[in-house]
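Single-structure report; data block below.
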């Protein structure tokens, strides 16, 4: 079987297609140990991204109830809540996907819990309107994510790196926040760290922008509050953010590496993720090292990736 390329994403849906088959390499009862992320990252590694969105089968996206900010509510499409009995299948699907990635020879998985994906829908009080054990206060809204991570960890064992991507903002509403202060953010990331996350990947529009009214960015706060390694990202060596890209604008190169290097030196965060700049410059690390000018990014470059 041919191994999928790095950063392959698998999207699961609940539109009647069913869940993935049961994982056959589950490792129950194993205790989780940290420290494997660095060893995997030190070699040329591949990671499988696992993401999930939920759109009710009987309802088109345009018919879903939405706020003025474009919020899509977590409901069954007819005004009622999704029954909890469905969650077991969804949680198991995450575990099976991670198990498949391990069986295919990937070095780790990253779970997309940001940008409106299913985990993010549970975390945000504007999309999670449930009144049961999975909704309400921030602790109950985090339960689904914690159970997903626990299931993944049970399937892949203690030494397989599991990264979780989170964002505090919303791509349809940049002023929205999952957490208004460090205490609320800690109520999200600490249970997830305890559930088995090895590292957090913190999405920001611009990595140098502070969070919670401070100069520290989200990756810095998350490392401090969770005790886990963090990955920072957001407009690195680019002059604009994802918002402009979604409107079809290109991005010109910009040397904004000084705060990044200073943050790495201080230990504010541990790893750096590069997206658009790497699409335009597959040799991005060599260009940084050698001072070679960057190629500007344009939206049309996405068409050559398939």
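Figures for the structure shown
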quantity	calculated
Some residue of region 213-227 being surrounded by fewer than 23 Cβ atoms within 10 Å (Cβ to Cβ) and farther than 19 Å from residue 267 by Cβ	yes
Residue 254 being surrounded by 15 or more Cβ atoms within 10 Å (Cβ to Cβ) and out of contact with any helix residue (DSSP H, G or I) (no Cβ under 7 Å at 6 or more places or on another chain)	no
Members of region 279-303 that are within 17 Å of residue 249 (Cα to Cα) and in a helix (DSSP H, G or I)	279, 280, 299, 300, 301, 302, 303
Among (1) over 18 Å from the mean Cα position of the chain (by Cα); (2) modelled with pLDDT under 95 - the single one residue 177 does not satisfy	(1)
Enumeration of residues in region 226-257 that are more than 20 Å from residue 287 (Cβ to Cβ) and part of a strand (DSSP E or B)	230, 231
Any hit, region 278-300, residues being on the phi > 0 side of the Ramachandran plot, buried (at least 18 other Cβ atoms within 10 Å of the Cβ) and touching a helix residue (DSSP H, G or I) at 6+ places or on another chain (Cβ under 6 Å)	no
Matching helices (runs of 4 or more DSSP H) fully within region 112-213 where at least 1 residues are under 23 Å from residue 260 (Cβ atoms)	182-195
Condition check for residue 117: at pLDDT 95 or above and either in contact with a strand residue (DSSP E or B) (Cβ under 8 Å, 6 or more places away or on another chain) or on the phi > 0 side of the Ramachandran plot (or both)	no
Set 88, 103, 57: member being surrounded by fewer than 15 Cβ atoms within 10 Å (Cβ to Cβ), farther than 29 Å from residue 204 by Cβ and at pLDDT 95 or above	103
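The values are calculated or read from the model by the stated rules, or taken from the named source; none is laboratory data. As the structure is a prediction and not an experimental result, all values here were calculated from the model. Neighbour counts are summed over all protein chains in view; Cβ atoms, including those assigned to glycine, are modelled from backbone coordinates with ideal geometry.
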